[in-house]
Amino acid sequence: MPQGLHGGNVRGLKNLRPSRTLLGLQTGHWSRRVPNIAILGSTGSIGRMTLEVCASLGPPYRVVALAAGRQVDRLARQAAETGAQTVAVRDDEAAEGLRKALPQGAAPEILAGPDGLVALASRDDVDIVVSAVVGGAGLPAALAAVKVGKRLALANKEALVMAGELVMAEARRSGAEILPVDSEHSAIFQAMASGRAEEVSRVVLTASGGPFYRRSDEARKHVTAAEALDHPTWSMGRKITIDSATLMNKSLEVIEAHHLFGLEAEKISVLIHPESTVHSLVEFVDGACLAQLGPPDMRMPIQYALTWPDRHPAPWPRLDLAALGGLHFETPDMERFPALQLGFEVIRQGKTFGAALSGADEVAVEAFLDGRIRFGDIVPLVQRVLGAHDTVADPSLDDILAADAWAREEATQCLTSYTSPR
Ligand SMILES: NC(=O)c1ccc[n+]([C@@H]2O[C@H](COP(=O)([O-])OP(=O)(O)OC[C@H]3O[C@@H](n4cnc5c(N)ncnc54)[C@H](OP(=O)(O)O)[C@@H]3O)[C@@H](O)[C@H]2O)c1
């Protein structure tokens, strides 16, 4: 009998050979490990759900390290509850705040700054790094985890948008496993297990369309931050919620799929699916389409990324298709939602375009949330920055970080030409 990843039977659902080929996963790599988990971005939406999943899984899954930005009170509580041995925060000020906030008896090692995040992700006592930091700040630690061969449960899609080629090349070299946490990519990963990489004819990423898909172009320009933060099907952090409303998030996911699954732009498409129930589909060369369905609940893909290739029982609500009544799909209007075109453009251009897109988008979203620009200004601002970008071929990590910094600076400069909408 052939041996699988766990040295077990590779028939049926355990036949994960195609996915492993696509993601560079190696037979036998994972079976030697103990599931000690580090959660980067533990105070955020995905981070908090990961803690819930870990508590539900119980031993041997163990949270040994946490990292976050500025929510030190919440982080202190999490450290005390999990007994994490190491905690990293974004800077010295947050480290000081954390020391004060820790309850008596809790005395984890405290690391500060970007280097602290990288050190935490590379520690010997960590087996799985859940990267749930938002934005480009997550890239160095995600790359560090991959370099030393950890399992990376990746929610921080910006790491792949900025440096997908570098990250995937390091994973192939080190044997690191990259398990997608994004529900669309988790769905594709699962569906791909029923065929070989070369048998995939295309993947279809589904998109809810966000709260304004049906609004007129004029009305959409003026939506407020409060309206935009109210996503119809998913409860998420602020940046991804705004990115979902502009459809920029789907562009970032298109780039993520390109890197994770080695797919050219022509093999990736997007469908609007308001119910967020079919998380994505894979079409094979014989015309068969495999989809993964579930309620819009990120705890499922998070758990799968931790336990793969096993499935563990989970207490989350189940899908009730009869109650749902129907599922709807439509082709997105690329003209009305130009953000969607940018992901395909970035794949075709390559180089440092992804880093520039990511940096510019972070500044534009922040400016909208701060009331400095209108909702309708976000995507044109990003397009303007990309239009001015001088790319670097075969970029190193330094080139990528420089392109990200340049795009932030350029976007900030552009902001001076906008008159405040309020
Ligand atoms: N939320 C979802 O349902 C969802 C689904 C798919 C993919 N994702 C992806 O997952 C990532 C996280 O999303 P989210 O919705 O969970 O965001 P979020 O709620 O805003 O959380 C972001 C986390 O990152 C931390 N952080 C920010 N800057 C940091 C820095 N410089 N150093 C250390 N930690 C830092 C924050 O810490 P503080 O809050 O303490 O400052 C927080 O813990 C994003 O890339 C997103 O695209 C999210």
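The values are calculated or read from the model by the stated rules, or taken from the named source; none is laboratory data. What you see is a predicted model, and the numbers here were worked out from it, not measured in a lab. With ideal geometry, Cβ positions are generated from the backbone for all residues, glycine too; neighbour counts draw on all protein chains shown. SASA here: full protein model, heavy atoms, side chains in, ligands and nucleic acids out. Shrake-Rupley method; radii C 1.70, N 1.55, O 1.52, S 1.80 Å.
Do the conditions hold for Gly135, that is, is it over 21 Å from Ala265 (Cβ atoms) and either of a type in the set (Gly, Ala, Ser) or assigned by TED's automatic domain parsing to the domain that holds Glu266 (or both)?
Values: over 21 Å from Ala265 (Cβ atoms): yes; either of a type in the set (Gly, Ala, Ser) or assigned by TED's automatic domain parsing to the domain that holds Glu266 (or both): yes.
Yes: the conditions hold for Gly135.
Is there any pair with a first residue in segment 297-320 that is within 19 Å of Arg48 (Cα to Cα) and away from the ligand (no atom under 11 Å from the Cβ) and a second that is of a type in the set (Phe, Trp, Tyr) and open to solvent by less than 30 Å² (accessible area, probe 1.4 Å) whose Cβ atoms are under 7 Å apart and which are 6 or more apart or on different chains, and what are they?
Met300/Trp316
Which of the residues that make up segment 120-152 are charged (D, E, K, R), open to solvent by 20 Å² or more (accessible area, probe 1.4 Å) and not in a helix (DSSP H, G or I)?
Taking segment 120-152 as the starting set, the residues that turn out to be charged (D, E, K, R) are 123-125, 127, 147, 150-151.
Checking which are open to solvent by 20 Å² or more (accessible area, probe 1.4 Å) leaves us with 123-125, 127, 147.
If the condition is that a residue be charged (D, E, K, R), open to solvent by 20 Å² or more (accessible area, probe 1.4 Å) and not in a helix (DSSP H, G or I), then Arg123, Asp124, Asp125, Asp127 are the ones that fit.
Hey, does segment 58-77 have a residue that's closer than 24 Å to Asp182 by Cβ, open to solvent by 10 Å² or more (accessible area, probe 1.4 Å) and more than 10 Å from the ligand (Cβ to nearest atom)?
Yes, there is a match, as at least one residue in segment 58-77 is closer than 24 Å to Asp182 by Cβ, open to solvent by 10 Å² or more (accessible area, probe 1.4 Å) and more than 10 Å from the ligand (Cβ to nearest atom).
Among the residues of segment 386-414 satisfying the criterion of being part of a helix (DSSP H, G or I) and of a type in the set (D, E, K, R), which is nearest to Ala226 (Cα to Cα)? Outline the logic, then answer.
Here is the first cut: in segment 386-414, the ones part of a helix (DSSP H, G or I) are 386-387, 397-414.
Remaining after also requiring of a type in the set (D, E, K, R): 398-399, 404, 408-410.
On the way: Asp398: 37, Asp399: 36, Asp404: 28, Arg408: 24, Glu409: 27, Glu410: 27 Å.
The extreme case among them is Arg408.
Residue by residue through segment 191-208, note down the ones that are of a type outside the set (A, V, I, L, M, F, W, C) and within 16 Å of the ligand (Cβ to nearest atom). Full working, then the answer.
Filtering segment 191-208 for residues of a type outside the set (A, V, I, L, M, F, W, C) gives 194-196, 198-199, 201-202, 206, 208.
Across segment 191-208, the qualifying residues are Thr206, Ser208.
Give the residue that is farthest from Val161 (Cα to Cα), with candidates limited to residues of segment 219-251 that are more than 13 Å from the ligand (Cβ to nearest atom) and open to solvent by 30 Å² or more (accessible area, probe 1.4 Å).
Of everything passing the filter in segment 219-251, Ala219 is farthest from Val161 (Cα to Cα).
Gly209: outside the structural domain of Met300 (by TED's automatic domain parsing) and open to solvent by less than 40 Å² (accessible area, probe 1.4 Å), yes or no? I'd like the intermediate steps shown before the answer.
On the way: outside the structural domain of Met300 (by TED's automatic domain parsing): no; open to solvent by less than 40 Å² (accessible area, probe 1.4 Å): yes.
Considered against the rule, which asks whether it is outside the structural domain of Met300 (by TED's automatic domain parsing) and open to solvent by less than 40 Å² (accessible area, probe 1.4 Å), Gly209 comes out as no.
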